[in-house]
1. Can you tell me which residues in region 97-143 are surrounded by 20 or more Cβ atoms within 10 Å (Cβ to Cβ), over 25 Å from residue 211 (Cα atoms) and at pLDDT below 90?
2. Could you go through region 34-42 and let me know if any residue there is more than 27 Å from the chain's Cα centre (by Cα), surrounded by 21 or more Cβ atoms within 10 Å (Cβ to Cβ) and under 20 Å from residue 134 (Cα atoms).
3. Can you report the number of residues in region 301-340 which are among the hydroxyl-bearing types (Ser, Thr, Tyr) and either touching a His at 6+ places or on another chain (Cβ under 9 Å) or closer than 18 Å to residue 168 by Cβ (or both)?
4. Just checking, which of 712, 707 is open to solvent by less than 20 Å² (accessible area, probe 1.4 Å), charged (D, E, K, R) and under 23 Å from residue 677 (Cβ atoms)?
5. Quick one: in region 384-406, which of the residues that are within 13 Å of residue 31 (Cα to Cα) and surrounded by fewer than 19 Cβ atoms within 10 Å (Cβ to Cβ) is nearest to the chain's Cα centre (by Cα)?
6. Filter region 374-383 down to residues that are over 21 Å from residue 287 (Cα atoms) and small (Gly, Ala, Ser) and give me whichever is nearest to the chain's Cα centre (by Cα).
7. Tell me, yes or no, whether region 540-550 has at least one residue that is among the charged types (D, E, K, R) and modelled with pLDDT of 95 or more.
8. Please pick out the residue among 651, 623, 657, 630 that is modelled with pLDDT under 95 and farther than 29 Å from residue 705 by Cα.
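The values are calculated or read from the model by the stated rules, or taken from the named source; none is laboratory data. Being a predicted model, the structure only gives us computed values, none of them experimental. Because the Cβ atoms are built from the backbone with ideal geometry, glycine has one as well, and the counts that use them run over all protein chains shown. With ligands, DNA and RNA removed, areas are computed over all heavy atoms of the protein, side chains included. Shrake-Rupley method; radii C 1.70, N 1.55, O 1.52, S 1.80 Å.
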Amino acid sequence: MKFPGFAVLLSFMLVSHAPAKSPAETISLPSTDAQVFTLPNGLTIIVDEDRSAPVASVQAWCGTGSIHEGKWMGAGLSHILEHMLFKGTTTRKGGDIARQIQDRGGYINAYTSFDRTVYWIDIPSDGVGEAIDILADAMMNSTLPVEEYDKEQEVIRREFAMGYDDPGRQSSQLMLRTVFADSPFRHPVIGYIDVYNKLTRDDVMEYYKLRYAPNNITFVIAGDVDAQKVKEQLETIFRDVPRRSLEPLLVASEQRQMGRRDAHEEFPTELTRLNLAWRIPGLMDKDTPALELLGEVLGSGRSSLLNQSLREKQRLVHSVSAGMFTLQTDGVFVAQAVCEPDKRELVEKEILAQIDKVKTNGVSEEDLAKARRSLLAGQFGSLATARGRASDLGSNWLLTRNLNFSKDYLDAIAKVTTADLKRVANEYLQTDRLNVTSLNPNGSLVKKEDQKKHEEAAEVKLFTLSNGLRLLVREDSKVPLVSVYATFRGGLLTETAEDNGVTRLLSRTMPKGTKTLTAEEIANRIENVGGSIGGESGNNSFSISAGVMKPDLGLALDLVADILANPSFPKDEVELEKQSQLASIKAEDEQITAVARNVTKEKFFGPHPFSLRVTGSAESVQKLTPETLKAYHAKYVTAKNGVIAVFGDVKAEEVVKLAEKAFASLPAGELALTNPPLPEALKQEITANVEKDKRQAIVMFGYPAPDILSTDRPVMELINEASNDLGSRFFNRIREQLGLAYFVGATSLTGLAPGCCIFYLGTDPAKVEKVRTEFADEIGKLAKEGLTEDELARAKKKLLGSEAIRNQSSGAFAMATALDELLGLGYGAYKERAQIINSITLEDTKRVASKYFEVPGFVETVVSPAAPQAATTPATSQTTTP
C-alpha cells in the first residue's frame, strides 16, 4: 500500500504472481514447508524451519483488533494492550523483558490493526527459547501494573495528538468514515480520545482476559529453529491454560451505496489531500486479484497511468497513487492525490477521466505484465527475512487458515487478463458508489469571491434607533428562523443584599403581563406561531429573548417591545415566580458544588455584589414586591442602556423599520454601570470549611481574575480551557495518576468588574487533606510556569472550536454579539477573536498565571460531611479561618 495512514493495515498480506519474460513463462512461489500444530486448548503453532541464517522471528498473533472491542468500540483497547503487555507479568518486570531480549541481541516490538494484535521478537537462533517464553508469558500472565498503566496513558495521548496533527492520517480516517457507515472499519484503530479517556485499567484487564485466550492465539516462528522443540516448549508452557469461550464477531454489513458521497474538511496544512474511494469485496472474493492489479496499473510507480497523466504531463499534483486494501469481509479501492487546494476539483476530474479511459479502452498487455512483476517483486522482497516469512504465514492463517494462500493468490494473479481489469473497473468503480473526501488548508474550501460575498451578507450590522437603542442585525437565510435578543446592563452588579435576586425575578415576570396583554395572551400569541419567549439574568445583565419563524418577525418585535416598555407585574404572577425562585434557591442549597461555589464567592468578594447569588437569598427574595420590580425596571430598561440583536432570515432594512416603530416608546435613559463597583483585593488567604450531609467532598480555590475589558481576559480564558481538558495537568495528575478526584476543572466569573477564577474538584471525604495539597501544588506549578506548548495549542483549538459550533445557532450568536456590544467589547469583537486567541504566547500564559495566582490573597473552600463527634460536642455548620 502507498497511502499515508494505512501502514498498520493489511497491505503486506496481499501477495501476487507475475510473468518474468512472457505470460507463459512465470515465476511461482513454492508451497510452504511450514508445520502447523494445534494444542488441545486451541493454541496454534506454526513453524517454518530455515537454516540459511542463524536467526529467527518469534511472533505471537492474537486474533483481536479494533473491530473486536464490542461494548468498548472506539476506545482503542487492542492498541492499549499492545502498549501494556510488555510492561510486566507475574514473573517479570517491564524493564526486564526488553533487557533480556536486548542482552540476547534481539529486537522486540508490536503492532495493532483492525483484526489483529501482533507481538514479535527478531533474535539470534540461540535465543529462540527465551523469546518464546517471554511472548507466552506476556500473552497469558501480563499484570498491567497500575503505575505503568498510569504512565502509559500520557504516551498514548501523545500518540493521539500526533495523529490529530498528521494530515495524512486524518485524510485517511475521513475517507474511512465516509466509505463505511455501519462497519467498525470506520473507527480508527487507536480509537477516539474522549472514549479512551473514560476507560479504566479494570476495563482493559477485563478485555485482556476475554480475548487473550489460547484458542485465539497463534505462535508463528520462522528461521533457524527446530519445530519439534518449539512445539514441546509451547506445550509445556500452555499445558494448564484452558481454552475460553470467545464472543463471536459480527461485523455490521454495509448497505449498498446508493449515491455519491462527499466529505471535505479543513485542517492546518498547506496542501490538499484528495481521496476517491470505492468499497469493494473482501480478500477471498474472486475479483480481488484483478482489483489489486488495476490499482497497480493506475497508480503504482512513476510509469503508472495516473502519475504519467496528472504529475508528469499536466503538472496538476505533487503526488498521485492508487491501490486497495482488504480484510475478510470488505475492502476499499482508493485513488489518492496531494495537490494545491485550488486544483482539487480539476484533479478529481482528471483521475475520473483516467479511470473512464480504462473502463472504455481497457489496459495494455504491457501494463498488465508490468503490474504483475511489480507485485511479485514486492512479495519476494517481503519473504527475504525471517520476520517477513513469519508475517506472511501469520496473515495467511489468520485470514484464510491456508498457509499457502500467498501461493494461491499469486496463481490467481497470473490468470488475470486485461479483460478482467476492464470488467472490474466498470463493475466496482461506479459513479454512484464513489466517495470523494479531501483535507484542505484552513479557509480554502470556499472560493475567495464567494467567501467575500458570504461574509458581507452574514456580517453583523449596527444601527442606532431614534431613542438611542442599539440594534444589531445579521442576515442569515440558511433556515427560515429569526432570533430576537434584547439585553440591558444590570444583574448582580446593580444589586444589594437587601434586593438580591431582583434582576432574576424581573426577567421572569416581565413576560407575565403588560398593560394590554395577560400572561396567557402573551404565551398564546407566541406559541400559536410555534415561537418561544422568555427572560434571563446574570452577573452584568438581564435579557428578554424570542424565537419565531420568518413570517412572524413583526409579531416577535412587537411582543418583545411591549414586554420591555409596558410590563404590569401582576401581583399573582409575581408571587408565582417568587415561589419558583425560592424553590430554585432550596435546590441549589442541596447541590454540594453550588454550595462550595457560593461560599467561595462570598469569602472572595466580601461586600461586593459579586458575592451574591444570581437567584438571590431566601430572605431577600421574600421581600421583593411588584413595586420593587417597577422601580428597578424604570431605572434599567432604557434605550441607551440596552442592545437588541435580530439574527436570522431577515433583511436589515425591514428590521430597522419595524424596530423603530416597535421600540419608539422605550425611554432614552442613560447607560448604567459606567463606573461599576470594584472588589477589594484580598490581602491574605481565607479558608472556609462547610459541613453538608453528603457523601462526597468539594475542594475549591478562588483567585483573582481580570474584568471583561482587560487584555488579560483572553489569556485567562485559555488557562481555564486548558484546566478543564481531559488531558489537563489537573486531570492527569490528580484524577488519573493519583486517583484522588471524581472530577476536576476550572471556571471564571467575570464582567465589568474584576472577577474570580475558581479551581474545583470532587473527591472522597477521606482524601481531602491529601487532595488539597496536591491540588494546591499543581496550581502553584501553573502559576510559576504557565501553560505548556501542548496545553496552549489544545486550549486554542477547543475554545475557538466551541465558539464556532455555538455560533452556528442564530440565537446563540445573537446573544454573544449583543453582550459583546453591551459590555464594551464591541459588536465586531467576533471578527478579531481568532486572531487574538491565536496570537497568545506561552509567555503570555506565564505572565497572567503569575499575576493572578501568585498572590497572597485567595480563598480555599472545603465542603464535606461532618466528622464523627462525641455526643457532648455541638456540631458547627461552618468555620472560617482568616
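1. Within region 97-143, 101, 106 meet the criteria.
2. Just the residues of region 34-42 that are more than 27 Å from the chain's Cα centre (by Cα), to begin with: 34-42.
Of the ones still in play, those that are also surrounded by 21 or more Cβ atoms within 10 Å (Cβ to Cβ) are 34.
Now narrow it down to the ones that are under 20 Å from residue 134 (Cα atoms): none.
No, region 34-42 has no match at all.
3. Within region 301-340, the subset among the hydroxyl-bearing types (Ser, Thr, Tyr) is 303-304, 309, 319, 321, 326, 329.
From the residues that got through so far, the ones that are either touching a His at 6+ places or on another chain (Cβ under 9 Å) or closer than 18 Å to residue 168 by Cβ (or both) too are 319, 321.
The qualifying residues number 2.
4. Details: 707 fails: open to solvent by less than 20 Å² (accessible area, probe 1.4 Å).
Just a single option satisfies the conditions, and that option is 712.
5. For region 384-406, the residue satisfying everything is 402.
6. 382
7. Pass one, region 540-550, residues among the charged types (D, E, K, R): 550.
Checking which are modelled with pLDDT of 95 or more leaves us with none.
Scanning region 540-550, I find no residue that is among the charged types (D, E, K, R) and modelled with pLDDT of 95 or more, so the answer is no.
8. Working: 623 fails: modelled with pLDDT under 95; 657 fails: modelled with pLDDT under 95; 630 fails: modelled with pLDDT under 95.
When all the criteria are applied, what remains is 651.
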